[in-house]
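What follows is calculated from the coordinates using simple rules that are stated; it is not laboratory data. The shown structure was predicted, so the numbers you read here are calculated from the model rather than taken from an experiment. No Cβ is skipped: glycine too gets one built from the backbone with ideal geometry, and neighbour counts run over all protein chains shown.
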Amino acid sequence: MANLNVFKKLSIAATGTIFSVGVILVGNKGALAANIGYFTDFNEGTTAPAAVINQAGFTPIQITDISTFDLNSIDTLFVNESSNGGLSSALLGRLADITSWVQGGKSFIVHDRFVSNDIDDPQSNPFLIGASSILVDRDFSNDADINLVPPGNTLVTNGPNGTINNLTLDGGTSSSHGFALASTLPVGAEAILSVGSDPNKIAAFSYRLGQGVVYYSTIPLDYYLEGFGPNPPQQEFANIYAPNVLSYVQTQTVPEPASVTGLLALSLLGTGSLLKRKQQQKIKVKV
């Protein structure tokens, strides 16, 4: 896939003069530099997610103690919930901090085995920070079938590490542990994958939270990253889907690079100097 180029141009107008500062951000295999903190709940010692992060071109940061970890040292928090029974108390205790952190312009990725504590009983989920109205349902009636939500053109399904179609992620044990009800997603949310062809059963989606983004999926990704499960789709989850997700979220929240900020500051200084010189010239003319 060709690089995804994002061009940011900052222009400063001063007495009819335009100063422009540009930077090319290339969203392909880590050209957008990012530190990805990874944490597998109830399996904190695993380093399996690091391979995916490296493949995507980002920097993996292992988190072994979520209760004390400095969120400000990373750009994305990549969480795999490995328990079918719910979140650990340590992770639950950090969700308020994670919410504020995401609102400030960061990204939160969750792959959740738990989903809810009942079947055929849609509930809210603590991982869906800032969006308690979203209802999810733990369900295994069609757990080996994952389809694209049309038009299927996000970086998750058509990204730098390969493409995904309606068959790519099928055949897992399980490929998903349930779904979110599409009718409960917030305005502006992006539905990406569905359970089978049912457009109301969403297996992966993202939504904005302040300046940041939350990506949530009912795929038990930790299982596949550890090398378990039938192949396919084990390799497809690990080598295409997961690194594509990392690339996708980086394009949803692109913080202003320090280099651009520095260039902008230099331009502002240049503008100030130009104004000062023009004012001095006017004074000399009057004299």
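Subtract the Cα-Cα distance of D120 and T47 from 0.36 nm times their separation in residues, and report this length gain in nm to one decimal. Kindly include the intermediate steps, with their values, before the conclusion.
On the way: separation 73, 0.36 × 73 = 26.28 nm, distance 3.43 nm.
Contour length minus Cα-Cα distance gives 22.9 nm.
For V213, what is the net charge nearby, where nearby means another residue's Cβ is under 15 Å from its Cβ and Lys, Arg count +1, Asp, Glu -1? Neighbour charge sum, excluding V213 itself: 0. For the stretch 33-252, the Cα-based Rg and Dmax, in that order, read 15.4, 42 Å.
Add +1 for every Lys or Arg and -1 for every Asp or Glu among the other residues with Cβ under 11 Å from the Cβ of N125, and state the total.
Numbers: positive: R138; negative: E81, D112, D137.
With Lys, Arg at +1 and Asp, Glu at -1, the net is -2.
In this structure, the amide hydrogen of T40, modeled 1.01 Å from its nitrogen in the peptide plane, lies closer than 5 angstrom to those of N80, counting only residues at least 5 positions away or on a different chain.
Secondary structure note: in the stretch 33-252, about 50% of the DSSP beta bridges are antiparallel. Over the Cα atoms of the stretch 186-246, the radius of gyration divided by the Kirkwood radius equals 1.02; this is the Rg/Rh ratio.
Between T163 and S132, the modelled labels are 4.3 nm apart [label points 7 Å from Cα along Cα→Cβ]. Using the average count of surrounding beta-carbon atoms within 10 Å as a protection proxy, the listed peptides 77-83, 48-54, 212-218 rank, highest first, as 212-218, 77-83, 48-54. Fully extending the segment from N35 to F228 would add 66.8 nm, taking 0.36 nm per residue of separation and subtracting the current Cα-Cα distance.
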